[in-house]
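Peer 1: First the structure, then my questions, so here it is.
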Amino acid sequence: MSSAFSRPLLIYDDRCSSCGQFAFWARRLSGGWIRLAGHYYSPEAMNIKKSIFPDDYDPTRMFWLINKNGAFGARSGLMEVFKEIIRGRIKTRLGNNFPNDRKGCIFTEDEDVTLFNNNTCSDLAGSSCASFQDTWTRIVGMLMNSDKYRHHVK
């Protein structure tokens with residue numbers, strides 16, 4: 001399980017197009033350092049969530065940045081995403097190139113890397129286009145919520 005935390009993992013709502021765009025840009029800006037996994041369609045995300053969160057906790061209510069220091073959700077996760085973007089940019093400049101293909105993201109078997117490259121709502125698995133109001137509702141909700149968990153592998 002320690003290898004699961006060797007690079008940061010951003011777990012996001014893969015049923016939400018604006019959330020998918022956020023994840024895509026976090027990964028891209030980090031030079032591939034940040035790995036991606038969806039809450040609903042990624043077996044790896046489901047396994048990691050089981051190892052970190054209590055059984056009675058619903059982690060799907062916010063995005064999570066999971067790194068070697070813990071799991072950071074929503075508002076507390078924003079700073080961690082920013083730190084990992086900077087860390088990834090530095091590592092990229094030092095010559096540690098991270099794969100810009102399937103190895104950098106965790107995809108389900110039926111998804112394709114192009115789902116983020118096309119930037120169309122129909123390409124995001126299980127999602128529909130988010131309205132402007134829905135996007136702002138999610139942003140406000142994210143800023144009002146925050147949570148942290150330290151790694152306690154079961």
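The values are calculated or read from the model by the stated rules, or taken from the named source; none is laboratory data. All of these numbers come straight from a predicted model, not from anything done at the bench. Positions of Cβ are backbone-derived with ideal geometry, glycine not excepted, and every protein chain shown enters the neighbour counts. Accessible surface is based on the protein model in full, side chains and every heavy atom, while ligands, DNA and RNA are left aside. Shrake-Rupley method; radii C 1.70, N 1.55, O 1.52, S 1.80 Å.
Peer 1: Could we say that Ile85 is closer than 30 Å to Gly95 by Cβ, buried (at least 19 other Cβ atoms within 10 Å of the Cβ), of a type outside the set (Phe, Trp, Tyr) and touching a Ser or Thr at 6+ places or on another chain (Cβ under 6 Å) here? Step through it out loud before you land on a result.
Peer 2: Working: closer than 30 Å to Gly95 by Cβ: yes; buried (at least 19 other Cβ atoms within 10 Å of the Cβ): yes; of a type outside the set (Phe, Trp, Tyr): yes; touching a Ser or Thr at 6+ places or on another chain (Cβ under 6 Å): yes.
Judged against the criteria, Ile85 is a match.
Peer 1: Moving on to the next point. Sort through Gly20, Gly31, Gly73, Gly38 and tell me the only one that's in contact (Cβ under 8 Å) with a residue 60 or more places away in the chain and under 14 Å from Lys148 (Cα atoms).
Peer 2: On the way: Gly20 fails: under 14 Å from Lys148 (Cα atoms); Gly31 fails: under 14 Å from Lys148 (Cα atoms); Gly38 fails: under 14 Å from Lys148 (Cα atoms).
Sole residue among the options that is in contact (Cβ under 8 Å) with a residue 60 or more places away in the chain and under 14 Å from Lys148 (Cα atoms): Gly73.
Peer 1: I'd like the full set of residues that are open to solvent by less than 50 Å² (accessible area, probe 1.4 Å), closer than 15 Å to Gly77 by Cα and assigned to a helix (DSSP H, G or I), limited to the range 9-48.
Peer 2: Across the range 9-48, the qualifying residues are Cys19, Ala23, Ala26, Arg27.
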